[in-house]
């Protein structure tokens with residue numbers, strides 16, 4: 001009870017501290033020519049950033065506050081001398097990005113319900129065999145590709161749960177244990193780069209581009225991201241092998257044997273349904289630009305047929321991560337506000353006047369986003385930085401949006417950097433210093449390779 005009260009007091013102090021900082025920034029940055037709307041957005045920007053950093057309230061609650069505040073402050077004639085239409089701040093709930101992510105959630109849930117995710121893992125183990133180096137590569141590649149269709153947190157939890165008997169038997173001091181527990185979350189986060197639905201950051205980037213009239217198809221994104229994910233996964237695997245798997249003694253067979261698969265008739269039928277829907281949906285996503293259909297409209301296929309066939313029930317739908325959708329919607333609304341009030345133009349012009357080379361600015365933004373991603377929500381980072389980058393680099397808007405979204409997945413230096421690293425750390429088999437190995441590889445090489453590849457392909 002005392003701990004609960006103490007925690008509540010700390011959260012209240014964080015909230016009040018965030019509020020004080022935001023108000024202080026308004027007075028510090030205000031200019032005589034600023035409108036009421038611009039002052040409100042300055043307050044909202046810094047208040048949201050502080051709330052995201054301190055975690056005074058849940059991340060999705062910050063997004064709800066953003067939308068509510070914009071509706072209240074921007075369109076109310078009693079509080080705004082030049083009230084404006086507020087529909088653009090609310091319509092983010094119906095953004096095509098939201099529907100695309102919802103389709104991804106349905107597919108991921110269907111795979112879990114029919115245990116296709118476990119079958120995928122078992123297949124990887126059978127292919128890898130007892131060689132620890134091959135097992136590491138097999139698990140990392142499996143986790144990477146799985147993370148392209150389901151959340152990196154879910155993919156990490158699934159694989160670590162599956163290898164838990166193995167790492168428990170090997171113990172904390174085993175190099176195999178450390179290599180696997182570091183490789184799985186690392187490949188999960190890097191794999192999230194691969195598709196638009198891989199992480200909320202990707203979806204926010206695509207939504208920000210849509211707001212300025214630039215559309216990126218599902219296949220287009222994969223061309224930018226999948227090669228990066230594969231290269232970083234392979235390089236990280238190689239480094240982990242060098243550091244932790246110097247002894248390549250085969251693992252005892254009984255430690256990696258898979259449990260007998262459940263094969264009831266209903267489960268087999270449902271698996272066939274899910275595989276069919278999965279293939280059709282992905283094919284339509286990939287070919288949408290050639291067929292003349294929108295990526296978001298394809299989402300109707302998993303939403304309708306997975307529920308129509310009974311693979312996903314009403315109870316299952318209620319268990320979906322709706323808070324993530326709220327987080328993305330709020331982030332999109334803040335981005336719209338920053339652009340619509342032209343607040344970014346004022347400060348971005350000053351940055352442009354410094355005369356820095358666009359590539360240098362791109363590198364600075366990329367590494368800045370990577371560093372901050374170790375301490376702050378990736379969704380919040382891209383929400384704030386992408387609109388700023390649009391103004392600073394008007395000739396590279398598509399490139400900078402993609403780069404900023406991808407580099408946030410390379411911030412893996414700490415156990416608390418993201419949910420996958422936290423899951424791995426929670427097993428008790430890793431020390432904080434262990435994360436520096438993979439974190440340095442992805443953190444130093446990742447942004448540089450991403451910037452080079454994206455600018456080359458575009």
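So for the stretch 305-313 (the condition being under 22 Å from residue 286 (Cβ atoms) and in a helix (DSSP H, G or I)), does at least one residue qualify?
In the first step, residues of the stretch 305-313 are kept if they are under 22 Å from residue 286 (Cβ atoms); the result is 305-306.
Applying the additional criterion that residues be in a helix (DSSP H, G or I) yields 305-306.
Scanning the stretch 305-313 turns up at least one residue that is under 22 Å from residue 286 (Cβ atoms) and in a helix (DSSP H, G or I).
Regarding the stretch 82-89, can at least one residue be identified that is out of contact with any helix residue (DSSP H, G or I) (no Cβ under 8 Å at 6 or more places or on another chain), free of Cβ contacts under 8 Å to residues at least 40 places away in the same chain, closer than 28 Å to residue 300 by Cα and part of a helix (DSSP H, G or I)?
Looking through the stretch 82-89, at least one residue is out of contact with any helix residue (DSSP H, G or I) (no Cβ under 8 Å at 6 or more places or on another chain), free of Cβ contacts under 8 Å to residues at least 40 places away in the same chain, closer than 28 Å to residue 300 by Cα and part of a helix (DSSP H, G or I).
Which one of 47, 65 is crowded, with 16+ Cβ neighbours inside 10 Å and out of contact with any helix residue (DSSP H, G or I) (no Cβ under 7 Å at 6 or more places or on another chain)?
On the way: 47 fails: out of contact with any helix residue (DSSP H, G or I) (no Cβ under 7 Å at 6 or more places or on another chain).
Testing whether each residue is crowded, with 16+ Cβ neighbours inside 10 Å and out of contact with any helix residue (DSSP H, G or I) (no Cβ under 7 Å at 6 or more places or on another chain) leaves just 65.
Would you mind finding the one in 217, 213 that is touching a helix residue (DSSP H, G or I) at 6+ places or on another chain (Cβ under 7 Å), over 27 Å from residue 437 (Cβ atoms), surrounded by fewer than 20 Cβ atoms within 10 Å (Cβ to Cβ) and in the same structural domain as residue 142 (by TED's automatic domain parsing)?
Result: 217 is the single residue among 217, 213 that is touching a helix residue (DSSP H, G or I) at 6+ places or on another chain (Cβ under 7 Å), over 27 Å from residue 437 (Cβ atoms), surrounded by fewer than 20 Cβ atoms within 10 Å (Cβ to Cβ) and in the same structural domain as residue 142 (by TED's automatic domain parsing).
Of these, 362, 344, 334, 356, which one is at pLDDT below 80 and buried (at least 18 other Cβ atoms within 10 Å of the Cβ)?
344
Applying the selection to the stretch 74-110, what residues are buried (at least 21 other Cβ atoms within 10 Å of the Cβ) and closer than 22 Å to residue 47 by Cα?
Within the stretch 74-110, 74, 89, 92 qualify.
Of all residues in the stretch 419-439, count the ones that are in contact with a helix residue (DSSP H, G or I) (Cβ under 9 Å, 6 or more places away or on another chain) and part of a helix (DSSP H, G or I).
13
The values are calculated or read from the model by the stated rules, or taken from the named source; none is laboratory data. In this text, all values refer to a predicted model and were calculated from it rather than measured experimentally. Quick reminder, even Gly has a Cβ in these numbers, built from the backbone with ideal geometry, and neighbours come from all protein chains shown.
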